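Here the structure is laid out as structure tokens; the discussion comes afterwards.
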Amino acid sequence: MTNDDVRRGHQQAHEGVPNEDRLVALGHAIDSREPGPSSPGQRLRRYVGVDGNARLTSSVAAVIFLLLALEGVTILRIGNLLNMHVFVGVLLIPIVVVKISSASWRFAKYYAGDPEYRRKGPPALILRLLGPMVIALTVVVFASGVGLIVLPASLRLELFFIHRASFILWLGVLGVHVLGHLGETVRLAPRDWLRRTRRQVAGASSRQWLLVWSVVLGLVAALAMTPLAYGWHGK
């Protein structure tokens, strides 16, 4: 029931209605009152899904951006920094999986007609068109990189060509992707980590732990796989 119904209950309480009837009418009006659209409970339920997804995507993207910057430095001197290149590349894999999953979740919810995601709206058309290409090239870049480490040396030449060619293409589409989401990432990435904003959207701790554990898993995998790449680039 709306605030108008409550006001009518109050009006009845001051008119010529018997006392008992007035109390019953007012009680019914208050008991059946629903929280307004601006109530904290409704705002929390409304934004925990779409805003939580946006925060997770942005915070993960910020970590990926920093690690890719470090990876770019290793490319400049790949012969001397091969181990670091492999270490950072493997470290990135679980974090990238979280990023792809989060972005794909938004995509699926939007096109499934979820009201919250429909209200938020889709990314710009160019970003939607590039999205599947970014994901496909990301898979090829990292899969070929891992293949260079663990597959037989007889496949190394072909894998290296695939890795290098896909990386060049990936770098181009990724640049557009990053620029398109840069503003949102800068705005949202810190919000789960700042005391004054983390409680605005429920689930901040869960999102933080998901990111932390993806980094931990990446570190474990990187420590295990990096020694396998030692010296092969110069062979």
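No lab work stands behind these numbers, since they all come straight from the coordinates. Here the structure is a predicted model, which is why all the values come from computation and not from measurement. Glycine also receives a Cβ, built like all others from the backbone with ideal geometry; neighbour counts cover every protein chain displayed.
When you count, for each residue, the other Cβ atoms within 10 Å and take the mean per peptide, how do 93-99, 103-109, 52-58 rank with the highest first? Could the numbers behind the result be given before it?
Numbers: 93-99: 20.3, 103-109: 16.4, 52-58: 22.6.
By packing density, highest mean first, the sequence is 52-58, 93-99, 103-109.
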Of the peptides 195-205, 111-121, how do they stack up when ordered by the mean number of other Cβ atoms within 10 Å, highest first? 195-205, 111-121
Fully extended contour minus Cα-Cα distance, from VAL220 to PHE161, at 0.36 nm per residue: 18.5 nm
Hey, how many Å between the Cα centroid of the stretch 94-108 and the Cα centroid of the stretch 196-232? 14 Å
